[in-house]
Amino acid sequence: MYRIRLHGRGGQGIQTGARILASALFVEGFETQDSPLYGAERRGAPVSATVRAARAPIRERGLPARADLIAVGDESLLGVAAAGVLRDADERSWLLIRSGVAAEIWRSRLGRSERVATFALEVEEGAELPLVGAACAGAAARMLGVVSRASLESALERELAALSAQARAASAARAFAAWDELAALAGCVTEEPAPIGAPLPRPDWVDVPLDPADVAAPDIRVPLTSVQVRTGLWRTLRPVIDDALCRRCSWLCSSFCPDGAISIDPDGRPCIDYDHCKGCLVCAAVCPPHAIRVEREAGRATEPEKVG
Amino acid sequence: MSDADEPTRYRRMQDLPSTHLLGSGTSLCAGCGGLGAFRELYEVLGERTVVVNAAGCMSLLATHPFTPFRGSWLYSAMASAPAGAQGVRDALDILIAKRRIPADEDLDVVVLTGDGAASGMGLSATSAAIDRGLDFIYLCYDNEGYGNTGQQSSASTPHGARTATDRGPRGYPGVKKDLFALWVANRPAYAATIIAAEPVDLARKVEKAKRMKGPRLLLALAPCPPGWGFDPKDSIEIGRLAVRTGVWPLLEYADGRVVRTKHYEPRLPVERYLERQRRFAHLFEPRRDEQTLAAIQTAVDEACARVT
Ligand SMILES: Cc1ncc(C[n+]2csc(CCOP(=O)(O)OP(=O)(O)O)c2C)c(N)n1
Ligand code: SF4
Ligand code: SF4
Ligand code: SF4
C-alpha cells in the first residue's frame, strides 16, 4: 500500500491535490482513500491531506502512522513544529519539497542522508487557484511511477471540473510541469507491503480527575489566553514598518489590523507583534505614505521558533 | 448609568482607543472583516461583558482552552443565542437583587452571531427577545453566507452572488433579507449598521448603544476574503467601497426615526464594489450581465432614496 501525505497552507489547494492524486491512482485501477486534515480551517493555516492507494481493498482507517512520500507545498511549514510535516517520517520515507533551494541543502538542514527531492513552482501573489496542490499531485504521481500521464490528465479534468477553463488549464500546466521536473525520480517511491501499526491494546479503565475551575472553565475564569497561540506561523508575507517613512498618523494601521497585532508605543510609533500577525497585509494597504513594506517569509522558513 | 445625550467621545481617528482589548491569536482568517468589526466594537464596549456566541466563525474565537476575551463567553447553538442571553440577563438580575453581586458589577450581555443564524434559524428567538424587551446588545457580523461551513447561501446573501450552494451562472436568485428593517419594525431601543472600515462611526454607535437599555442591534457588514473571493489585504478597501457605493448605508435608528450617519456623495457606481470580488465575477465575464448589474444598481438607488 502507498501512504502519501501532502502538506500546505489553507488556500493552496492541498486537499484538491490529494483528490487529484487519489483520482489518478483510481484511474490506474487502485483502490484509494483520501482525507484532508484541517486545523483551524482557515486560509494560511497549516493543512495536510493523506492518500492511501492499494491494489487490494483498503482496510486501514484513520491517519497512517507513517508515510512513504511526504509532499510539502509550502517550505515555510518545515519551520513550524505545529504543522508536523516530519512527524513519523522514517528512513524509507521520501520528502518532496516545493522549494528553490537544492535538495542537498535540505538534506543537510533536515539531517537526512538521502530521499529528499525538490521541485520549483512560482505562484503569483494573490493567485487563488489550487496550483500548489495540483503541482504536488503531479510531482507525487511521477515519483510513484505507477500513474501514467493520461491518468493524471483524466484526474485533473475530473477534480477541477468546477473551475473555469482558464483556471483548469493553469492548474493542469503546473501539475505537468512538476511531473516533467521529477522524471529522473520516476518510481523511486515504493509500496510498503506490511500493514502499519500493531493492534491497539484493549482500553483500560482510566480515572480522569476533575480539573480545577481555572483549567476547566477558561472562558469564565481566565482571560486572554489566546495570545499563547502564535498565529504568526500562518504568514507567508511579512509587513515591515519603515520607521523613517511612518508619519505616526492617527494609527490607521493599528486601528484597522483585524487581529489587533499592531500596538502604539508611548511616542506614537506603531509596532507589529510578529507572533500574532497573520500577514493579511491590511496594514500595508491602508498606510497612506506606504511606510509598510512587504517581505517574503520564505527565507525565514528554517529560523528556529521562538518559544514563549 | 449614563446620560444618552452625553456628547460623543469619538470624533476623529485620534480619539479611538489605542489599546487592543481583544486578545490576538484567534483562529479566524487573515483579513476577516467580521473580526475587524468585533475587535473595534470590543475596544469601545470594554471588558465588562458576557458574550453569548451562536455557532459560526466567531465561535472559533474561543476554542478551549484559549480565549481572546477579558470577560466571560458562552457558546450557544445557532438558533438560540438570544435565549441564552435571556438566561444570562436573568441570572445577573437575580444575583444583583439578592445582593450576591453589587449593582455596579453588572455586565453587558452581548449576543454575537453570524447572518445565517441571525436571519434564519435564530430569527424567532431574536424576535421573541425583542418582544420581551430583553436588555442586550445584538451584534450580527454579516458575511452574507454560512461562512464557517464554506459560504453556502444564507437569507442574507445578496442577489446574484455566487456561493457554495449557488454555483450557477446567475448566482443566488433571492434578495438579501433586510435584518435592520426587521428589527426597526419591532421598535427596539436602538439599531445601527456599522463596518470595520468606518471605525469612528462604529465607535460612536457602540458608545451610544452601551449607554442605553433594552434590545439594541449592531449590524456589521463583514467582508470575508475566502467567502467573497478577494485578497485579505483588500478587506478595508472592500468595506469602504460598500459604503461609498451605497451597498451598505451607515444607518441609525433611535427615537422612532432612521437616519443616515455618514454620507458620501456622489455615490460610486455599484460595479466598483462588485468587480473586486470573485463571487460577482460572472457578472463581468465572459460577458457583462447588463440586466443583473442594472437590477442591483436600481435596488441600491431605491434603498438609498428611502433614507436621508
Ligand atoms: C443547528 C445547527 N445546524 C448546523 C450547524 C453547523 N454550522 C456551524 S457554523 C454554521 C454556519 C453559520 O453561519 P452564520 O450564522 O452565517 O455564521 P458564519 O459561519 O458566517 O460566521 C453551520 C451551518 C450547527 N452548528 N447547528
Ligand atoms: S498607517 Fe503608516 S504612517 Fe500611519 S502609523 Fe501606520 S505605518 Fe505609520
Ligand atoms: S499584516 Fe498587518 S494588518 Fe494584517 S495581521 Fe499583520 S499587522 Fe495586522
Ligand atoms: S470565513 Fe469569512 S467571516 Fe469566517 S473567519 Fe474567515 S474571513 Fe471571517
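Values quoted throughout were computed directly from the atomic coordinates according to the rules given, and no laboratory measurement underlies them. Since the model is a prediction, treat every value here as computed from it, not as a measurement. Quick reminder, even Gly has a Cβ in these numbers, built from the backbone with ideal geometry, and neighbours come from all protein chains shown.
Dipole orientation for the protein assembly as shown: of the candidates B:Thr193, A:Cys188, A:Trp205, B:Thr193 has the Cα lying most toward the positive pole (charges on Cβ; Lys, Arg +1; Asp, Glu -1). Region B:3-39 and region A:27-90 have their alpha-carbon centroids 39 Å apart. Secondary structure note: in chain A, about 65% of the DSSP beta bridges are antiparallel. Counting only alpha carbon atoms, the long axis of helix A:149-159 and the longest principal axis of chain A meet at about 50°.
Compared with the dominant principal axis of the Cα atoms in chain A, helix A:14-27 is inclined by about 10°.
Of all aspartates and glutamates in the structure, those lying under 15 Å Cα to Cα from A:Lys278, and not within fewer than 8 positions of it along the same chain, are A:Glu41, A:Asp259, A:Glu295, A:Glu297, B:Asp231, B:Asp234.
Defining a contact as two alpha carbons under 8 Å apart and six or more residues distant in sequence, what relative contact order in percent does chain A show? 18 percent. Work out the FRET efficiency for B:Ile94 and A:Glu124 from their Cβ-Cβ distance, taking R0 = 60 Å, and round it to the nearest 0.05. Computed FRET efficiency for B:Ile94 and A:Glu124: 0.50. Hey, what did chain B get for relative contact order, percent, Cα under 8 Å, at least 6 apart? The value is 17 percent.
Of the peptides A:215-222, A:74-81, the order by per-residue mean of other Cβ atoms within 10 Å, starting with the highest, comes out as A:74-81, A:215-222.
Note on A:Arg158/B:Ala185: beta-carbon distance plugged into 1/(1 + (r/R0)^6) with R0 of 41 Å gives a FRET efficiency of 0.25. Here is the list for region B:220-267: trypsin sites (Lys or Arg not before Pro) lying in DSSP coil, each with at most 15 other C-beta atoms within 10 angstrom of its C-beta, are B:Lys262.
For region B:195-249, the dipole from Cβ point charges (+1 on Lys and Arg, -1 on Asp and Glu) about the Cα centre works out to 500 debye, to the nearest 20.
The share of C-alpha pairs in region B:129-258 whose separation exceeds 25 Å stands at 29 percent. Spatial offset of region B:240-259 relative to region B:135-171 amounts to 20 Å, using the alpha carbon center of each. Compared with the alpha-carbon gap, the fully stretched path from A:Arg221 to A:Trp205 is longer by 2.7 nm at 0.36 nm per residue. Using just the C-alpha positions of the protein assembly as shown as equal point scatterers, what log10 of I(q)/I(0) does the Debye formula give at each q in 0.06, 0.08, 0.09, 0.12 1/Å? Each listed q maps to, in turn, -0.36, -0.63, -0.79, -1.27. Dipole magnitude for region B:176-308: computed about the Cα centre from +1 point charges on Lys and Arg Cβ and -1 point charges on Asp and Glu Cβ, it is near 620 debye.
Return the subset of B:Lys176/B:Lys262; B:Lys177/B:Lys205; B:Lys177/B:Lys210; B:Lys208/B:Lys233; B:Lys98/B:Lys205; B:Lys176/B:Lys213 for which the Cα-Cα distance in this structure is over 24 Å, preserving the input order. Those over the limit are B:Lys177/B:Lys210; B:Lys208/B:Lys233; B:Lys98/B:Lys205; B:Lys176/B:Lys213.
Applying the criteria of a DSSP loop state and at most 14 other Cβ atoms within 10 Å to the trypsin sites (Lys or Arg not before Pro) of region B:1-109 yields B:Arg9, B:Arg11, B:Arg12, B:Arg48, B:Lys98, B:Arg99, B:Arg100.
Restricting attention to the protein assembly as shown, close to 45% of DSSP beta bridges with both partner residues there are antiparallel. Averaged over the residues of B:58-65, the number of partner chain Cβ atoms lying within 10 Å of the residue Cβ comes to 4. Region B:210-237 and region B:59-132 have Cα centres lying 19 Å from one another.
Placing +1 on the Cβ of every Lys and Arg and -1 on the Cβ of every Asp and Glu, with no other charges, gives region A:159-308 a dipole of roughly 680 debye about its Cα centre. Look at the stretch A:245-255: the mean tally of other chain Cβ atoms within 10 Å of its residues' Cβ atoms is 3. Calculated mean residue ellipticity at 222 nm for the protein assembly as shown: -8000 deg cm²/dmol, from DSSP H runs with n ≥ 4 weighted as -39500 (n - 2.57), summed, divided by the residue count and rounded to 500. For chain A, the average shadow cast by the Cα convex hull is 20.5 nm², which is a quarter of the hull's surface. The mean count of C-beta atoms from other chains within 10 Å of the C-beta of residues in B:227-236, rounded to a whole number, is 6. Under 16 Å from a label point set 7 Å out along the Cα-to-Cβ vector of A:Arg248, the amide N atoms of region A:266-293 belong to A:266-272.
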